[in-house]
Amino acid sequence: MSPVRRFLSTPEAVAGTILLTALIAMALSASLLFPGDPQAIAGPALLPPFQDWSLPLGTDRLGRDVLAELFHGARTSLAVGLAAAAAALAVGSVVGTLAGFAGGLVDEVLMRITDAFQTVPSFLLALAFVSVVGPSLGIVVIAIALGTWTGPARVARAEVLSIRERDYVASARAIGMHPLAIAFREVLPNALPPVLAMSSVIVAAAILTEAALSFLGLGDPNRVTWGGMIAEGRAVLRTAPFLSIVPGIALVLTVLGVYLAGEGIVETTAVRRGLS
Amino acid sequence: MSLLTISNLTKRYRRGGKTIAAVDDVSFHIDPGETLALAGPSGSGKSTIARLVLRLIESDAGRIEFEGNDFLALGGAALRARRARLQMVFQDPLAAFNPRATVARMLDDPLRIHGIASRAERPRRIAALLERVGLTTDLAPRAIHEISGGQRQRVAIARAIATKPSLIVLDEAVSALDVSVRGQILELLLDLQRQEQIAYLFISHDLGVVRAIAHRVVLLEAGQLAESGDAHAVIDAPQSAIGKALVAAAPRLNRTRP
Amino acid sequence: MTALASLRDLTVTYRRDGNEVAALRRINLDIVAGERLAIIGESGSGKSTLALAIAGLLPRSARIEGRIDWFLPSSGAKSPPSVLPDISPSRGEIGSSTAGSPIASSAIGETRNEGAISPLEGEMSGRTEGGAKDRQPSTIARDYKPLGGRDIGFVFQDPSASLDPVMAVGKQIAEVARTHLGLTWPQAYAKAKSLLERVRLPDPDSALQSFPHQLSGGQKQRVAIAAAIAASPKLLIADEATSALDTIVQAEIVALIRRLVAEDGMTLLFISHDIALAAELAERIAVFRHGELLELGTTAQIVGAPTQAYTRTLLDAHIGLDAAPLLSRAGLNA
């Protein structure tokens, strides 16, 4: 059975894939379907959903098109979630590999730094970082990665500690390979599978953190974000609850989709490794 | 002059507060083009000696002289460069290769690291190495886990001879192979020795194989040298207690007809 | 001679990436009660699959066809019919009337597990994945099913993998005795102590309390053997039980197995890649290759007058202490 077919043989993976595909389609088609500024006024304020079919999900307090905002917000959520997770996984794997492979003082220093980051709640860290440096998309990505790289670092280190005792590492040393080449050519690629297995949780957490930062007004002010939309709707929660509910549902479905698809991938690779 | 001289080599481990000498004051030498076997039961220290000689682990005391130089004094780039002359083949060829690697990449590594061949020339050199160990060149793009155990051990030997070493440490290199494959690998090793004058440090618990392939043998027990000498002389009439026990324990095949 | 078990047209197929791989093909073999039978072959010969099939320990992903009939006199099963040992592998047609009735193929799905014995692992021998998890219960024709542990003792290649690392060895042995013999814990511990004495473990009293990591490889294998024989099984299966051990310990374990089998009147199935070792221990030898039974005979016949070229190849490949040297010893000194 091909990996793709095996992946699609579990209902979770199918559901996750459908949700993620819809999200990516939204993000990619945002500027095609809704050209122009999504933050521009498009109609009367506080129009409820399903009243005017040119504004299917209604408008917010300032008369902005909720559907357009939703599509452009998908773009921000996805971009920040993926970028922050990629940064966290990359930094974590490199730090974990160096610590585990070098051992001794290098390991001690790197792991104490990891401890320091882990003792501060990651959301507080992101909050403090954005407050000090100022909100922009890149800063939000860095802020989220700051709090999440420690998990991948610990997993990578544990894996590297077991891999560095294997014969093929001894064999690479015996042919005279440079220690850094051994660490990044021989050890790291084989330590990655369990680290990558964490990626779905990290992406999901990053999307939620981004939403939370935006909700608190610390997102990039020039971009539409789902967290910002929920915050917007909060003031009129009693009279126009849909303004908070619609982006809220989008957020839940996105996180669910990322998680389910990630689980499906982990399951597929685990089955493959179990077989060989 | 001998190729490798080991003097008073000692390696201690701490285990549960006690210090145990895995290798205890062992001395021996290997001449160019010679096969010296290290034999002994498990825990006798033979694999530890292999790793000490290759400097995969560091010794606590003693000297290792290789090709006339103090091998223990080398470090960093100088040690890595010298490793070209001293290679190793492991027991389990599957464990000794990066699980993601292809045959070609495993043979490319030594050629690249030691600057033996330019990038353009390497595919031809890899093909020549594969042919030298009795494999076809179409194996090069295959993944290591796709080929058979015997083929894998041939690739391991090709990787070891790529840098034209003067000594190869063979750590139980034929023990895990099927008997029908084992004979072919031993023939290949002997052929390489005849053609290229490579010396072998042959580590094995199988006295039958040691007697068939080695010039001299060193018997070890609990990290200490128990007996050494001509392989036939020692195995045909062992003097030490461990030598007698090893000979007595070897399975015998009585092939007289019923 | 009476048969203990009789295999008829036994075929075992593994599924691997959607392909079916036959690990055993139409095996006809009688295991004679009280004999020491060696199964020898190289990797991919199906010898370990045979051991697992007889013990009912095949993974669920395996499909089994043919039949295994058991004749266990003391267990109240019907008295053994007069079955003469079928020692000719060419008599496959005898069982053909039953070949279409798979004995254990029902409800075997595609469940995969890591304990699967792979026949495609190359030429590495002496390596048996013998995890004891998620096994398929033995389904045997006739009315009686042998029970692993009680009727069949199984010794795996790697004792560190077959013993529980966080349970004292005394408890592991006592548990077998308690489960199958219905003993109380104190009785089971007494039995465990006497078993450790029987397998000649030094200082059995303190050994009862020790954990596997505190024992050497040979001592662990002695413990595994003690656990295997705790319920006085009729059949002891040793699957490459000495392959991970050095020559001296191997000889001791072989001597131990020989003595225990003789004292208890057990039948021994000794699976090995080493024809010389098998010849020292067994009365009969079955030679397997590529999942087929090539040749079966007394040890003297197989070693002295093999009929198959492959058996001769195996015998010739043995490098004994009297073998002609491969090395031209004059070469170096000249």
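What follows is calculated from the coordinates using simple rules that are stated; it is not laboratory data. Predicted model, so just to flag it, every value in this text is computed and none were measured. So basically every Cβ, Gly included, is an ideal-geometry build from the backbone, and we count neighbours across all protein chains shown.
Tabulated results
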| quantity | calculated |
| --- | --- |
| Region B:7-47: number of residues that are assigned to a strand (DSSP E or B) and in contact with a helix residue (DSSP H, G or I) (Cβ under 8 Å, 6 or more places away or on another chain) | 9 |
| Pairs with Cβ under 7 Å, 6+ apart, first in region A:212-231 and at negative phi and of a type outside the set (A, V, I, L, M, F, W, C), second surrounded by fewer than 23 Cβ atoms within 10 Å (Cβ to Cβ) and in a loop (DSSP other than H, G, I, E, B) | A:Gly219/A:Pro135; A:Asp220/A:Pro135; A:Asp220/A:Ser136; A:Pro221/A:Pro135 |
| Among the candidates B:Leu79, B:Leu54, residue that is touching a Phe, Trp or Tyr at 6+ places or on another chain (Cβ under 9 Å), among the hydrophobic types (A, V, I, L, M, F, W, C) and within 14 Å of chain A (Cβ to nearest Cβ) | B:Leu79 |
| Conditions (1) surrounded by fewer than 18 Cβ atoms within 10 Å (Cβ to Cβ); (2) touching a Phe, Trp or Tyr at 6+ places or on another chain (Cβ under 8 Å); (3) part of a loop (DSSP other than H, G, I, E, B): number failed by A:Pro38 | (1) |
| 3 or more residues away from every other protein chain (no Cβ under 14 Å) and touching a Gly at 6+ places or on another chain (Cβ under 8 Å): qualifying helices (runs of 4 or more DSSP H) within region A:131-212 | A:150-163 |
| Residue within region B:59-67 that is within 13 Å of another protein chain (Cβ to nearest Cβ) and either buried (at least 20 other Cβ atoms within 10 Å of the Cβ) or touching a residue at least 60 places away in the same chain (Cβ under 8 Å) (or both) present | no |
| Tally, over region B:175-204, of residues that are in a loop (DSSP other than H, G, I, E, B) and either within 13 Å of the chain's Cα centre (by Cα) or more than 8 Å from every other protein chain (Cβ to nearest Cβ) (or both) | 3 |
| Scan of region C:291-305 for residues that are more than 10 Å from every other protein chain (Cβ to nearest Cβ) and either assigned to a loop (DSSP other than H, G, I, E, B) or of a type in the set (Phe, Trp, Tyr) (or both), ordered by number | C:Gly291 |
| Checklist (1) buried (at least 17 other Cβ atoms within 10 Å of the Cβ); (2) free of Cβ contacts under 8 Å to residues at least 40 places away in the same chain applied to C:Ile237, failing item | (2) |
| Selection status of C:Leu315, over 23 Å from the mean Cα position of the chain (by Cα), facing another protein chain (nearest Cβ under 7 Å) and of a type in the set (A, V, I, L, M, F, W, C) | no |
| Unique residue being exposed (fewer than 15 other Cβ atoms within 10 Å of the Cβ), within 14 Å of chain C (Cβ to nearest Cβ) and either within 20 Å of B:Tyr200 (Cα to Cα) or acidic (Asp, Glu) (or both) when the list is B:Glu131, B:Glu121, B:Glu146 | B:Glu146 |
| Residue among A:Ala74, A:Ala68, A:Ala84, A:Ala25 that alone is part of a helix (DSSP H, G or I) and loosely packed, with under 14 Cβ neighbours inside 10 Å | A:Ala25 |
| Residues (facing chain C (nearest Cβ under 7 Å), surrounded by 15 or more Cβ atoms within 10 Å (Cβ to Cβ) and more than 20 Å from C:Leu326 (Cβ to Cβ)) located in region B:209-258 | B:Ala245, B:Ala249 |
| In region B:87-103, residue farthest from the other protein chains (Cβ to nearest Cβ) [restricted to those that are farther than 21 Å from B:Arg122 by Cα and part of a strand (DSSP E or B)] | B:Val89 |
